Amino acid sequence: MVENSKTTATLPPANTFNLLAGLKEAGLASALVAVLGLPLLGLHAANQGPQMVLLQRWDDLAIAVAVMFVCRLGLYARRTMKQQGAGAEESKSIFSGLGLTIHNNMKVIAFVGLAAAILLPMVIPADSSRYIIYTATTFMIYVMLGWGLNIVVGLAGLLDLGYVAFYAVGAYSYALIATHFGWSFWVCLPLAGVFAAFFGVILGFPVLRLRGDYLAIVTLGFGEMIRVILINWYDVTNGPNGINGIPAITFFGVPFKRGEGGFADLFGLDYSSTTKMVFLYFVILALAVLTNLFTQRMRKLPAGRAWEALREDEIACRSLGINPTNVKLSAFALGAMFGGFAGSFFSVRSGFISPESFTFIESAVILAIVVLGGMGSQLGVVLAAALIVVVPELFRAFAEYRMLLFGIAMVLIMVWKPRGLLSLREPTIRLHAKIKGEKQEAAQ
């Protein structure tokens, strides 16, 4: 049998792509960046005495155009090679192997991460300790919020855009109770969780028949309703002025103050204003660890398996005899409870709260943490929170470009890992292991 050499010669190699088409696509994208970036990057308004002048910054614009050209050309090459079958297996093996390696060593990673978090206040430099501890505390708040929302979105599959409402309920619960009744943080903390869970049930009832975009719209409206109530109910919430003078946290009744009777005096230490910040850091660390342990345990219980069944197929869930009403309400209530805990901590750390702290952008950030980390992935939430909270702090010196770089990083992550940083996770039940055990028992 003679092969058709003419036909074979016309076929391109599997690992090549049309360079001219790639350059054309990259050139068009770069031209678009040049046009849109001209008034934003190329020109800068500045005051010189009584006059306003436009400063030219063509070097910044050229860098942005060059970066877009290279990135677009690389994306075109990757897409073309993937369509031809070249490089797909290599890319898949790299990402899959990394994901499997992480999940196979999850306990080790969790132990190392927890040990690093505990040792952080002891190893940081003294001159920057306040800033680092404050940033780490904010990071742990968002990790706890992400794990709480992960119950609703990641496990139960219910898209919630109003999670900041429960965050606000917890914060205002502690602020109002502590300022009016003088109760301590440790007494108000569980009450804040109960109140937030109650509001979660209130939200759950109207949305029992909704899914997808309709559910997202209703939850978004619920979050805005809470914010508007906080602004207009002036007699209770003090309106847009917020609540000031919130009682500080104590070490189980021992205040962090200078002099006799304070924490330093009780334990024979030198007084330092950083001591209170370190204690707050360990408090939120403990709350976040409890949230993680609770979520991991719930996944293995019937309630957690019902959440995952509801996420996969609600009709099949009903056919199995699972009541979707109870499943949805439990997911909303438990997720809201952890949001209330985080809100209570935010209130005691800040000492002042106002409705401006609980806008829709907060819900969007928390949801971005869950989605970028990978739906249902606990470690993915930590990695995404680090990208969204910690990485922008590293670029704070570049104030003009910090959010631009942050947006570029978000786009790149969603292009390369559209299902999240850690889309793989261990299944709740291993069916093959159960069947193998039953066969061994039958053989004996």
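The values are calculated or read from the model by the stated rules, or taken from the named source; none is laboratory data. Predicted model, so just to flag it, every value in this text is computed and none were measured. Because the Cβ atoms are built from the backbone with ideal geometry, glycine has one as well, and the counts that use them run over all protein chains shown. Side chains are part of the model used for accessible areas, which takes the heavy atoms of the whole protein and leaves out ligands, DNA and RNA. Shrake-Rupley method; radii C 1.70, N 1.55, O 1.52, S 1.80 Å.
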- Message: Every residue in the stretch 129-166 that is open to solvent by 10 Å² or more (accessible area, probe 1.4 Å) and assigned to a helix (DSSP H, G or I), please.
- Response: SER129, ARG130, TYR131, ILE132, TYR134, THR135, ALA136, THR138, PHE139, MET140, TYR142, TRP147
- Query: Can ALA264 be described as out of contact with any strand residue (DSSP E or B) (no Cβ under 9 Å at 6 or more places or on another chain), of a type in the set (Gly, Ala, Ser), assigned to a helix (DSSP H, G or I) and open to solvent by 40 Å² or more (accessible area, probe 1.4 Å)?
  - Reply: no
- Query: Name the helices (runs of 4 or more DSSP H) wholly within the stretch 180-260 that hold at least 1 residues that are under 17 Å from LEU149 (Cα atoms) and open to solvent by less than 50 Å² (accessible area, probe 1.4 Å)?
  - Reply: 185-204, 212-232
- Task: Sort out which residues of the stretch 267-283 are of a type in the set (A, V, I, L, M) and outside any helix (DSSP H, G or I), and write them in order of number.
- Result: LEU269
- Of (1) among the aromatic types (Phe, Trp, Tyr); (2) touching a strand residue (DSSP E or B) at 6+ places or on another chain (Cβ under 7 Å); (3) closer than 30 Å to SER357 by Cα, TYR281 satisfies every one except (2)
- Message: Just to be sure before I move on: is THR16 more than 35 Å from the chain's Cα centre (by Cα), more than 30 Å from LYS417 (Cα to Cα) and either of a type outside the set (Asp, Glu) or at pLDDT 75 or above (or both) in the structure I sent?
- Response: no
- Query: Take the residues of the stretch 257-300 that are aromatic (Phe, Trp, Tyr) and at pLDDT 80 or above: which is farthest from VAL382 (Cα to Cα)?
  - Reply: PHE279
